[in-house]
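Here is the structure we will look at, set down as C-alpha cells.
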C-alpha cells in the first residue's frame, strides 16, 4: 500500500464523478486503520533509520510473532532508537485519522520505557508529539500519540496530520541491554480525536462562585454523602440536615464526577440557620487531592432559630515554617502542622459537621466561594515590619517618564522558557506604575537582531512572545534588610510572573559563574512567584542554593494563599537578617526559615514574566495581551547590618549570566 493516500473529501469527489447523474454518493467512512509500514514485508529493515550505533534491527523469524526486533546496547546515547519514514513520498497524509499507535512486545529481561514520537518537518518549534509507555518483560503494550497532545495527553504542538514526515521509537539511556519487538505501526481513530476525559481530572468552576444555591444544576450540582442516622437532603438550592442524638456528626458534599475549581477565590462562605431546638456548633472544612483547609467554626454555638455566616479561609492559621537548619538537603514539607497543602484547583469534598447536645437540625442556605479583601497594617510601605534602627536605601515609585538607568537594566537573560523575549516596548511607564506587558509578538531578545549567542534557553534570537524585563544587576545590591514590592498579577493562562533576588558578589569576584553562584554562602530568594493556573490568590515562595546541578537544594511552599487590597494589588516583602528570612504578604507573615545556611551574599532584584513553570497550563493567545503591574519597589537596611557592598554601583554593569537552568 502506498503510504500517501487521498483525503476523504478527494475520495468522495472521485466517487461522485463516476456515479450516474442524479445519484448521490453517501459519505465514505475512513479506513479503520492505516499501516504506515508493512513489518512483515521482506527487507523491511531497510526502511529503518538507526539513531545510533548502539541500535540494531532484525526481522522476526517466527510467523506467529511477526514484526521487527530492535535491540539497544548500553552506551552514551541519551535516547537510542529508530526512525521510520514514508516510502516513496515526502510525508504521510494522516489527516483522516486522529492518532498513531505502535504495538510493542518487551523481549528483554527488564522493564523498558518505549517512547513514540510523530514528527512534522523542522526542529525550531519542536514540531512533534510524544508519548511513552513502560512495559514489563514479556508483556505487550500499545503506545499511542493523539495528534496535538504530548507526554501524558497534555496539549502540545499543533501537529499537522497531513504532513507527517517520520515516526520515531526510542528508549532511555540504560546500563543494560534493552530490546523490543515492534509488531505494528498504524494510523487510527477519527480526525480531530481528543483524549478521553479522566473523571478525576474533570473540573467544575461554580458560576459567580455559587456552590450551593438556587440555580445550581447539572454537573455543578453537589451530591450529599451522609451516613445513618444523619440525614441530608437538597431542595430548592439548600441543604437540610437532621442529626439525631448528641455528639459531633458529619455530612459531605461532593460532585458526581471530578472536583470544584475554586482558583478565583480565597475563601468559601456558608450561611447556616439553626432550625432545631438544640444549639449547634458547626465545623466546616474543604478537602482537595493534595490536602485540606483548616476547619472553621463559630465563636459560640448558633442558637435555635438563629442564622450565621461562617467563612472557611484558604489561608492557614499557622504560618509555613521551613525545617530549622535544614540547609543540607531539599525539604518541601516544612515543619509539621504549619502552612497548608490545600489545592483550590481540585476541591474534592466539603465537610459539614456540627456538635450538639441533643437532636439537631439546620439548613445550609448557601455556599459561595469568593475573595476576602486584605486589611492592611499602618506600617506597610512605610517601614519594615520589625523594630530597629532602619534607613530606607532604595525607593522606586515609577513616577518618571523613563526607567531610571541608575537603578535598572531593561535587558537581561531569559533562562526560564524558550518562548519569550525582552523588549523595551513592552515595559510601559505611566500613572505611577510600570507594566510588564506580555503579548504574542515575534521579536528579538533584548531588541538585538544581530545577537548570535542570545542569553536564553532556546539559543534562538527571536521568539513568539514579548515582555518587559527589569533587574538591578551591577547597579544596586544589598546584603540583609527588608525588601518590598506592590504588584498586581496578570490574569491569563500559562504565565509565570515573579519578584525575586539573586546573588551578586560584584565585578571583583571574577567570572559570572563565581559572581552570581548560589553556592559559597549565597542563595536565590523567590519572594513571590506565581503560576497563573493557580488563580490570583495563590503563589509560591522558595529558597534555592548550592547551584542548579546535582548539588542543588531547595525549600519552600507553593500553597501560599493571599488576600488582595481594595485595588487588586498585594505587597510582597522579605525580611532578611543573619540566619533568618521571613516572607510577608500585605504585612502578614506567610513563611519563615531560620538556618545557618541563609545567604550572606549581597543580592539584586529581578522582575519578569515568562511562560510555563512546573505546574502551569498552556498559554491562551485569545487572552493576550495582559499586564503584570508593579507599583513600587522599596528597601530598607538596619544600620548595624550595613556594609560597603550595599547600594548603588558606579562601574558599568555586566549582563548577568546565571548558572544554566536556574530556577525561579
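The values are calculated or read from the model by the stated rules, or taken from the named source; none is laboratory data. As the structure is a computational prediction, the values presented were derived from the model and not from experiment. Positions of Cβ are backbone-derived with ideal geometry, glycine not excepted, and every protein chain shown enters the neighbour counts.
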- Any idea how many residues of the stretch 406-427 are free of Cβ contacts under 8 Å to residues at least 60 places away in the same chain and not in a strand (DSSP E or B)? 5
- Name the residues in the stretch 233-263 that are under 16 Å from residue 202 (Cα atoms) and buried (at least 17 other Cβ atoms within 10 Å of the Cβ), would you? 254, 255, 258, 259, 260, 261, 262, 263
- Task: Out of 478, 512, report the one residue that is surrounded by fewer than 23 Cβ atoms within 10 Å (Cβ to Cβ), touching a residue at least 60 places away in the same chain (Cβ under 8 Å) and over 27 Å from the mean Cα position of the chain (by Cα).
- Result: 512
- Out of curiosity, is residue 488 in the same structural domain as residue 576 (by TED's automatic domain parsing), surrounded by fewer than 23 Cβ atoms within 10 Å (Cβ to Cβ) and touching a strand residue (DSSP E or B) at 6+ places or on another chain (Cβ under 6 Å)? yes
- Task: Determine the pairs where a residue that is outside any strand (DSSP E or B), located within the stretch 627-639, has a partner that is surrounded by fewer than 23 Cβ atoms within 10 Å (Cβ to Cβ) with Cβ atoms under 7 Å apart, the partner being 6 or more residues away or on another chain.
- Result: 639/389; 639/391
- Message: If I filter the stretch 220-232 for residues that are touching a helix residue (DSSP H, G or I) at 6+ places or on another chain (Cβ under 8 Å), within 30 Å of residue 372 (Cα to Cα) and surrounded by 19 or more Cβ atoms within 10 Å (Cβ to Cβ), do I get at least one hit?
- Response: no
- For the stretch 446-456, indicate whether the set of residues that are within 21 Å of residue 411 (Cα to Cα) and either touching a residue at least 40 places away in the same chain (Cβ under 8 Å) or in a strand (DSSP E or B) (or both) is non-empty. yes
- Query: Where residues in the stretch 271-292 are crowded, with 16+ Cβ neighbours inside 10 Å and closer than 21 Å to residue 340 by Cα, which of them is farthest from the chain's Cα centre (by Cα)?
  - Reply: 283
- Message: Test of understanding: among 208, 198, which residue is surrounded by fewer than 19 Cβ atoms within 10 Å (Cβ to Cβ) and either within 30 Å of residue 62 (Cβ to Cβ) or at pLDDT below 95 (or both)?
- Response: 198
- Task: Considering only residues that are surrounded by fewer than 21 Cβ atoms within 10 Å (Cβ to Cβ) and in contact with a strand residue (DSSP E or B) (Cβ under 6 Å, 6 or more places away or on another chain), look in the stretch 424-436 and name the one that is nearest to residue 485 (Cα to Cα).
- Result: 433
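Per-residue answers, yes or no, for (1) surrounded by 20 or more Cβ atoms within 10 Å (Cβ to Cβ); (2) closer than 30 Å to residue 241 by Cα:
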{"position": "348", "(1), (2)": "no, yes"}
{"position": "352", "(1), (2)": "yes, yes"}
{"position": "360", "(1), (2)": "yes, yes"}
{"position": "364", "(1), (2)": "yes, yes"}
{"position": "367", "(1), (2)": "yes, yes"}
{"position": "372", "(1), (2)": "no, yes"}
{"position": "391", "(1), (2)": "no, no"}
- What do you reckon, is residue 403 in contact with a strand residue (DSSP E or B) (Cβ under 6 Å, 6 or more places away or on another chain), closer than 30 Å to residue 623 by Cβ and either part of a loop (DSSP other than H, G, I, E, B) or at pLDDT 95 or above (or both)? no
- Message: Any residue that is modelled with pLDDT under 95 and either touching a strand residue (DSSP E or B) at 6+ places or on another chain (Cβ under 6 Å) or closer than 22 Å to residue 557 by Cα (or both) - is there at least one of those in the stretch 262-281?
- Response: no
- Message: Can you confirm whether residue 133 is surrounded by 20 or more Cβ atoms within 10 Å (Cβ to Cβ), closer than 21 Å to residue 71 by Cα and assigned by TED's automatic domain parsing to the domain that holds residue 41?
- Response: no
- Task: Check whether at least one residue in the stretch 118-125 is without any contact (Cβ under 8 Å) to a residue 24 or more places away in the chain and either within 26 Å of the chain's Cα centre (by Cα) or assigned by TED's automatic domain parsing to the domain that holds residue 51 (or both), and report yes or no.
- Result: yes
- Item | Condition broken by residue 118, with the remaining ones in (1) farther than 18 Å from residue 186 by Cβ; (2) crowded, with 21+ Cβ neighbours inside 10 Å satisfied | (1)
- Message: Under 8 Å between Cβ atoms, which residue pairs at least 6 apart in sequence (or on different chains) link something in the stretch 311-322 that is at positive phi with a partner that is surrounded by 17 or more Cβ atoms within 10 Å (Cβ to Cβ) and in a strand (DSSP E or B)?
- Response: none
